[in-house]
Amino acid sequence: MNTNENTILDKPMTSKDLVTDQDVRWCPGCGDYSILKQVQTVLPELGLKREEIVFISGIGCSSRFPYYMETFGMHSIHGRATAIASGLKASRPELSVWIITGDGDALSIGGNHFIHLLRRNFDVNILLFNNQIYGLTKGQYSPTSEEGKITKSTPFGSLDHPFNPLALSMGADATFVARSMDRDPVHLKEMLRRTHKHKGASFLEIYQNCNVFNDGAFFIYTDKETKKLETLMVEHGKPLIFGDKNEKGIRLDGYAPVIVDLADGNSTNDLWIHDEKDRLKAEILTRFFDNPIHENHMPRVFGVIYSEDRPCYEEMLVNQIADTISKRGNGNLDALLKGKESWVIS
Amino acid sequence: MAEKKELLEEVTIRFAGDSGDGMQLTGMQFTNTTALFGNDLSTFPDYPAEIRAPQGTLAGVSGFQIHFGSIDIHTPGDECDVLVAMNAAALKANIRLLKQGGIIIANIDGFDTKNLRLSGYGEENNPLTNGTLEKYHLYQFDITKLTRNSLAESGLTTKEIDRSKNMFILGFIYWMYNRPIENSINFLNEKFSKKQDILDSNIKVLKAGYHFGETTETFMTRYDVKKAKMVPGAYRNIMGNQATAYAMIAASQKAGVNLFYGTYPITPASDILHELSKQKVFGVKTFQAEDEIAAICSAIGASFGGSFGTTASSGPGIALKTEAMGLAVNLELPLLIINVQRGGPSTGLPTKTEQSDLLQAIYGRNGEAPIPVIAASSPGDCFGAAYEACRIALEHMTPVILLTDGYIANGAEPWQYPTAESLPPIHVQFEKPKTNAEEKFLPYKRDEKLSRPWAIPGTKGLEHRIGGLEKQHETGNISYDPENHEFMVKMRAAKVDKIADYIPLQKLDSGNEKAKVLVLGWGSTYGSIKTGLIQARAEGCDVSHAHLRHVFPFPKNLESILKNFDTVLIPEMNNGQLIKLIRDQFLIPAIGLNKIKGLPFNASEIKDKVVELSK
Ligand code: SF4
C-alpha cells in the first residue's frame, strides 16, 4: 500500500474536492448554481468525511444536483428521493443524507413521502429548491405557483391555490423548518449549517430563481431595492425588525401580528422576540405568506422558523432492535427454522 | 363402550361458519395437532373479503379445509368427507363440496328462522328437517346450547360464552379422529395467559366437546388415520408466508447482510410483515411505509446503503411499484420483490388465489427492464424459492421477483426444515476502499457474471453517482449516446440471461423422460398436478410432470426436455400466461388448461384433461 497516496485521500476536504468531472448543465444564470456553490463551500466546514455524505434527488432541474457532488449520490425517480432516503437512513444511520428536491418533486408527485418523512423525523436534510414553476418540462405551473399564473398549461391563468411549504411542513410535525434564498449566499450558508446541525428531519426551503421560465419570481425578496422592506430575517432571541432602515417591527396583539413603526416611539422591548422553540408562534410566522401585491401584507420570513428536539426514527429503530437483543439474545437461525413444535420421522 | 372404529387413509374436513365463528382458528388448531400427530396434510383457508360481512349471509361464510392422511398429501382435497356447518349459510355455501355420503355436522342453533332467511334457504325450508340432506350422514346438535350449558356457572356473559363454541366443535372433531387435545390446551394457555376466566372456559368447552363425542349415543363411529410414511427427517408445520419470511432471514444471515423490509399492508401479503416484525433478534428492520411506492423505494435506499432491501405486495401494490422496479434495474442493486398473487384485475378478488401476474412480473415495466422471476410451488417450497430468489438478487446484483399466491401463502403443510448449516452459501462482497486517489472507481464495471460491484456509502474512494438515466458503460455517467444505449440494454438483458448458468437444470418431478404427455406447471398448481397425475397413471396414462421454479430465465435444458413429449399441457390459474412464454421461446404447440375462479385446481380436473389428451 502506498502511504503517500493514502494521505491524499486523508487530507481535509476542500470545496474543490466536491466538484465532479461532469459538466454542470443548468441554464446559464439559473439560481441552482449559487446553491451548488454554497453547499460545496459549507460541506467541508462540517467535519464530515466525503464518503459519509450521500445526496439523493428525485426528478427536476434541481435533481441533477447529485451528479455535481463528488460524494455518494443517487438521482432517483420523480418524487421518491424522500422515500429512498428514508430506507437508506434506516439502514445506515451514521451517514449524512441530503435530499435535493423541487416544488414539483416534493410537493406534487412526492407530497406523500415528504410529509411522512417529516413526521417520522429521520435525521436527514431536505433542500427544497422552490422556483414556483416546472422547469425541466419547460414551463407549466407548479403546486407553489401563485393563483392566476399564466403558464404554458394555464394560458387563462392557474386556478390552483398554492401550497405554503413551510405551513405544510409544520402541519406534518417537522422538527426543523427554515427558509433561505439563492441570492443571499451568506444567509444561505448559515442556513445550510443550521440544517446540518439539527438532529432530525431538517427542512430548508430555498427560493430559487428559474431565469428561463419564471424569471424574477422572488425578486421582491432578493433585489436590493425591495429586499429590506419585504423580508423579515428572523434570529432566535432577537426582535422581529425589518424595513429599509430597520424602522419597522412586529408586535403580537393576542395571536394577531401587528406591524409597528419604531420611529413612532414604539420600543423594541414590546416587539415579538423570535423563539425557534415556540411552535404556535412559528406557525404564525409561516403564515406570513400574503401575495405582496396586497396592501398591508406581512414581510416574508427567512431564517430558522422552528426547531424542536424529537427522537429520530432510525435511532428508535436501532434501539428497539438492540433492546430486544439484549433481552432475548441474538437470533438463532436453527431455532427459528425448527419452531416451537416439531417432530422427527425416522 | 360400543363404539366402532374405522381406519382411513385420508380425510378432508371443511370447517365452515360465520366470519365471527372462529373457523380459521379451529382449522389451524386441528392442523397443528394433526401435523404433530404425524399425518401428511395440506390446508386451504377460504375466507370472505369483507371483514364484517353481514352475519348469517353467504357473503359472511368463512371456511377452512384440511386434507390429511397416512399417504402422501399434495392438495387440500377436491371434495370433503366432513362438513362442519355452524349455520345455514355455511351449509348452503359449501354443500356442493361434500362427497356423496359425506358427513355433515350442523349446529342446530345456526338454523333458526333468522339464519334460514339470511342464508336464502327461506324460513319454511330448513334443510336439516326437510329431507334434502338424505344422501349425506347428518349429525345435528345445538352447539350453542351445549356450550352455554357447560359454562353456565362461569359468570361470563352470553356473548363471551358464545365466542368459545368453536372450541366445542374442535374438541368434538378431536374425539372423532382420535387426536389428543393437549396441543390445543397449550395453545390456549399461551393465548389467554392474561385472561384466566376466558382461558378456563375455553379449555372447559374444548373438553366438553371431546367428552360429548365420548358419551353421546348419536355418533357411533370414530376414525383412525395412521401416521404418514414420510421421508425420514425433522418436520414442522409451516404456512407459505411464514416460510417466505424465514427464507429472507436465513438468506440475510448466510450472506452476512442486514435485512431491510419495506412494505405496505395488503392482503394476502401482510403476514410476511407480521412475521418479520417479530424477528428483531435477527436485526431485521421492518418499515411500514406510507404507500407501496415508498415501500419499494425505501428498500432500494436500504440496498444502496448495503443492506438487503426487500418488499412484498400483491397485484395492485406491485402495479404501483413498477416505476421503482425499473429504477432498480438501472441501479443494478440487489432487491427482492415478492408478489403474493391474488385474483385481479384491479382490486379483483383480494382473498382468492390466482396466478395472473406472471406476465406482469416478466414484462410489466416501461422500457427494456428484465427482472428474474422465481415461483414457489407449495407452502413449504416458499422457503426454498424465496431463498433462491434472495441468492440471485445478492449474488447477481439485480432485483428479483418472487411469485407466490394466496393459496400457498395461507396454506400449511408439514415441512422438513433445513439446518442453517445445510443451506447453500450466499457470497456477497462489498467493494473495497480505494487507497489510490488516481485510480478511478468504475461503478458499472462488470465481473464474469456481468454484475457490477456493490459499492456502499462510507467506503473511502468509492464516491459515485447512480440513477435512473441511461448510463455509460463502466463509468456509470449519464449517457445519451445511441450506441451506448443499445449496448446497455443488451448488457442488462445478457446479465439476466446469464443467471441461467448459475441455476440448477430442470428436472422431471415424476414420470418418464420420454412420454406421451408432459404436464408443465409453475407455482401453486404443483400439488394438484402431482395428485392428478397419480390418478391419471392409475387410468393408464403415460404422463410426466415438470414444475418450474425458475420462470425467468428458464433453466437451460428446458427446451430439450419439452422436445421429448408429443404433447405439453400447461395448467394455470389464469387465462394462459406461461403458455405464451413457452410458445414464444420454443415454438411448440403447448396446450393450456385454465381455471380462473379464484380457486386452486382440483386434482381431478388435471386428471381428466390428461386422460383426454392421452386418448
Ligand atoms: S429551466 Fe429554470 S430551473 Fe431549470 S435549469 Fe433552467 S433556469 Fe434553472
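The values are calculated or read from the model by the stated rules, or taken from the named source; none is laboratory data. Values in this document were obtained by computation on a predicted structure and should not be read as measured data. Here the Cβ is made from the backbone with ideal geometry for all residues, glycine too, and neighbour counts use every protein chain on show.
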Residues within region B:386-407 that are within 13 Å of chain A (Cβ to nearest Cβ) and β-branched (Val, Ile, Thr), tallied: 0
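Before we move on, is A:Glu283 part of a helix (DSSP H, G or I), within 23 Å of B:Phe260 (Cβ to Cβ) and touching a residue at least 12 places away in the same chain (Cβ under 8 Å)? Don't jump to the end; show me each part of the working.
Working: part of a helix (DSSP H, G or I): yes; within 23 Å of B:Phe260 (Cβ to Cβ): no; touching a residue at least 12 places away in the same chain (Cβ under 8 Å): yes.
For A:Glu283, the condition - part of a helix (DSSP H, G or I), within 23 Å of B:Phe260 (Cβ to Cβ) and touching a residue at least 12 places away in the same chain (Cβ under 8 Å) - is not met.
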Out of (1) surrounded by fewer than 18 Cβ atoms within 10 Å (Cβ to Cβ); (2) touching a residue at least 12 places away in the same chain (Cβ under 8 Å), the odd one out for A:Thr231 is which? (1)
Please indicate, with yes or no, whether at least one residue in region B:482-498 is modelled with pLDDT of 95 or more and within 14 Å of another protein chain (Cβ to nearest Cβ). no
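Quick check, is A:Phe163 within 11 Å of chain B (Cβ to nearest Cβ), away from the ligand (no atom under 16 Å from the Cβ), assigned to a loop (DSSP other than H, G, I, E, B) and in contact with a Ser or Thr (Cβ under 9 Å, 6 or more places away or on another chain)?
On the way: within 11 Å of chain B (Cβ to nearest Cβ): no; away from the ligand (no atom under 16 Å from the Cβ): yes; assigned to a loop (DSSP other than H, G, I, E, B): yes; in contact with a Ser or Thr (Cβ under 9 Å, 6 or more places away or on another chain): yes.
No; evaluated as a whole, the condition is false for this residue.
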Just to be sure I understand, how many residues within region A:117-144 are touching a residue at least 60 places away in the same chain (Cβ under 8 Å) and either within 16 Å of the ligand (Cβ to nearest atom) or β-branched (Val, Ile, Thr) (or both)? 14
Tell me whether region B:247-256 contains one or more residues that are more than 7 Å from every other protein chain (Cβ to nearest Cβ), within 27 Å of A:Ile115 (Cα to Cα) and not in a helix (DSSP H, G or I). no
Residue list for region B:428-486, restricted to those being surrounded by 17 or more Cβ atoms within 10 Å (Cβ to Cβ), in contact (Cβ under 8 Å) with a residue 40 or more places away in the chain and aromatic (Phe, Trp, Tyr): B:Tyr444, B:Trp454
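Pick from B:Gly240, B:Gly256: which is on the phi > 0 side of the Ramachandran plot and touching a residue at least 60 places away in the same chain (Cβ under 8 Å)? Talk me through it step by step, then tell me what you get.
Numbers: B:Gly240 fails: on the phi > 0 side of the Ramachandran plot.
Testing whether each residue is on the phi > 0 side of the Ramachandran plot and touching a residue at least 60 places away in the same chain (Cβ under 8 Å) leaves just B:Gly256.
Condition check ((1) within 15 Å of B:Ser277 (Cα to Cα); (2) within 14 Å of chain B (Cβ to nearest Cβ); (3) buried (at least 20 other Cβ atoms within 10 Å of the Cβ)) across all residues:
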| position | (1), (2), (3) |
| --- | --- |
| A:Asp309 | no, no, no |
| A:Ile321 | yes, yes, no |
| A:Ile325 | yes, yes, no |
| A:Gly329 | no, yes, no |
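For region B:572-603, which positions are assigned to a strand (DSSP E or B) and touching an Asp or Glu at 6+ places or on another chain (Cβ under 8 Å)?
Residues of region B:572-603 assigned to a strand (DSSP E or B): B:572, B:591-594.
Residues satisfying the conditions are B:Gly592, B:Leu593, B:Asn594.
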Considering region B:261-291 alone, what residues qualify as being assigned to a strand (DSSP E or B) and within 11 Å of another protein chain (Cβ to nearest Cβ)? B:Tyr261, B:Gly262, B:Lys285, B:Thr286, B:Phe287, B:Gln288
Any chance region B:408-425 includes a residue that's more than 8 Å from every other protein chain (Cβ to nearest Cβ) and over 30 Å from B:Leu41 (Cβ atoms)? yes
Taking A:Ser145 as the residue in question, decide whether it is at pLDDT 95 or above, among the hydroxyl-bearing types (Ser, Thr, Tyr) and part of a loop (DSSP other than H, G, I, E, B). yes
Criterion: surrounded by 14 or more Cβ atoms within 10 Å (Cβ to Cβ) and over 27 Å from the mean Cα position of the chain (by Cα) - qualifying residue of A:Leu240, A:Leu285, A:Leu252: A:Leu252
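Out of B:Gly326, B:Gly364, report the one residue that is in the same structural domain as B:Gly256 (by TED's automatic domain parsing), over 21 Å from B:Gln577 (Cα atoms) and modelled with pLDDT of 95 or more. Step through it out loud before you land on a result.
Details: B:Gly364 fails: over 21 Å from B:Gln577 (Cα atoms).
The conditions single out B:Gly326.
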Of the conditions (1) more than 16 Å from the ligand (Cβ to nearest atom); (2) β-branched (Val, Ile, Thr); (3) within 24 Å of A:Asn130 (Cα to Cα), A:Val260 fails just one. Which one is it? (3)
Only one of these is surrounded by fewer than 18 Cβ atoms within 10 Å (Cβ to Cβ) and either touching a residue at least 60 places away in the same chain (Cβ under 8 Å) or closer than 30 Å to B:Asn436 by Cα (or both): A:Gly29, A:Gly73, A:Gly60. Name it. A:Gly29
Every residue in region A:93-116 that is under 18 Å from A:Leu43 (Cβ atoms) and within 10 Å of chain B (Cβ to nearest Cβ), please. A:Glu94, A:Leu95, A:Ser96, A:Val97
When every residue in region B:426-440 that is farther than 25 Å from B:Tyr502 by Cα and under 49 Å from the mean Cα position of the chain (by Cα) is compared, the one nearest to the other protein chains (Cβ to nearest Cβ) is B:Thr435
Quickly run through region B:381-424 and pick out the residues that are surrounded by fewer than 23 Cβ atoms within 10 Å (Cβ to Cβ) and of a type in the set (S, T, N, Q). B:Gln416, B:Thr419, B:Ser422
Residue count for region B:309-345, restricted to those that are within 13 Å of chain A (Cβ to nearest Cβ), touching a residue at least 60 places away in the same chain (Cβ under 8 Å) and of a type in the set (Val, Ile, Thr): 2
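Give the residues of region B:455-472 that are among the β-branched types (Val, Ile, Thr) and either within 37 Å of the chain's Cα centre (by Cα) or more than 7 Å from chain A (Cβ to nearest Cβ) (or both), sorted by residue number. Let's see the steps before the verdict.
Filtering region B:455-472 down to residues among the β-branched types (Val, Ile, Thr) leaves B:456, B:459, B:466.
Answer for region B:455-472, where residues must be among the β-branched types (Val, Ile, Thr) and either within 37 Å of the chain's Cα centre (by Cα) or more than 7 Å from chain A (Cβ to nearest Cβ) (or both): B:Ile456, B:Ile466.
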